[in-house]
Amino acid sequence: MTKLEAAGPNADQIQFWNGEGGEKFVRYQNALDLMLKPFGDEAMRRAGVKAGEAVLDIGCGCGDTSIDLAMAVGVTGEVVGVDISEPMLARAEYMAGQSELTNVFFELADVEVGPLHSDSFDLAFSRFGVMFFRNPVTAFRNVHTALRDGGRLAFACWQALPKNQWVSIQMQAVLPLVPPPPPVGPEDPGPFSFADAARVRGILSQAGFTEIAVEPFDTEVALGGMLVLDDAVDFSLEIGPATALLKDAPDDVRAKARDTVRAALQVHQTKRGVMLAAGAWIVTAKKG
Ligand SMILES: C[S@@+](CC[C@H](N)C(=O)[O-])C[C@H]1O[C@@H](n2cnc3c(N)ncnc32)[C@H](O)[C@@H]1O
């Protein structure tokens, strides 16, 4: 795999996903896959994946969905997972090797910059890998070009923060303890940049897609797939926006934050884990 320089419009994302972000996703891969699986499964169901199809998995990360897609398309189909993160793709290669699948491949590339394949895929898919582009219209034009005529697009992205208690609950617990964070614009690249369904429709339409549908998928998740409260607390403080809030915090503030997060999560503890609301959009479209 040739190296990807932290340059171009997504330099900060390339740096993040090859550094702290990617390292944490690899470390917590099982927990994240358990938690995110229902969203990927729903996007695959709405995509109507068929045997023999060629699928592009955008921002495939550690490869969980690429492997599921490769099983769904079978030996007559194939899946190409593309991502900017070397450590996550290394994990994806390892996972694919363990599964002994021969129809799944991984490529290190920025979807916005390319080069991507052209006229090669029946389906472009993503589980939460499309919200980090500096120029999403350019990125989705590349995805459009990568699809064959009549090709489909299906992805999961997050609705707004208040619909996602699995993230907001820790932020509310930590915010009173730390200085206010720098403001994030609603369209700035990041997990919630596709929260506005009208914006998503606009981006896809400008990129050339038709038959655009943005449907809510509201559910509950077991935080980090963890059954034990203290593991869910550790997960909360290691990954997600609360982590960034506590980045430069002294030890006494961290200890206090741990207590407040624990108390907030305890209320939601069940036999299935710490159950919290989560809301995604399942977006589908066509290359007309
Ligand atoms: C939240 S993670 C999701 C990973 C994976 N799809 C999953 O569900 O576990 C977002 C992924 O998008 C990737 N990503 C961000 N910007 C990208 C870009 N411009 N091109 C390709 N991948 C990108 C990141 O490296 C990361 O793996």
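The values are calculated or read from the model by the stated rules, or taken from the named source; none is laboratory data. Because the structure is predicted, anything quoted here is derived from the model rather than measured. Heavy atoms of the whole protein, side chains included, go into the accessibility calculation; ligands, DNA and RNA do not. Shrake-Rupley method; radii C 1.70, N 1.55, O 1.52, S 1.80 Å.
Roughly how many whole Å is it from the C-alpha centroid of the stretch 165-218 to that of the stretch 32-68? What the calculation gives is 21 Å, centre to centre. Shape annotation for the chain: C-alpha extents along the principal axes are 56, 38, 37 Å, from largest to smallest. Entry note, the chain: the mean residue ellipticity at 222 nm calculated from DSSP H runs of n ≥ 4, each adding -39500 (n - 2.57), is -12500 deg cm²/dmol after division by the residues and rounding to the nearest 500. Once C-alpha pairs closer than 8 Å and six or more residues apart are averaged by separation and normalised to the residue number of the chain, the relative contact order reads 20 percent.
Each Cα pair under 8 Å and six or more residues apart adds its separation to the average, and for the stretch 204-286 the resulting relative contact order is 58 percent. Per atom type, the chain shows carbon and sulfur on 55% of its accessible surface, probed at 1.4 Å.
Solvent-accessible surface of the chain, taken per residue with a 1.4 Å probe and all protein chains present: 45 Å². The tail of the calculated P(r) for the stretch 124-249, taken as Cα-Cα distances beyond 21 Å, holds 48 percent of the pairs.
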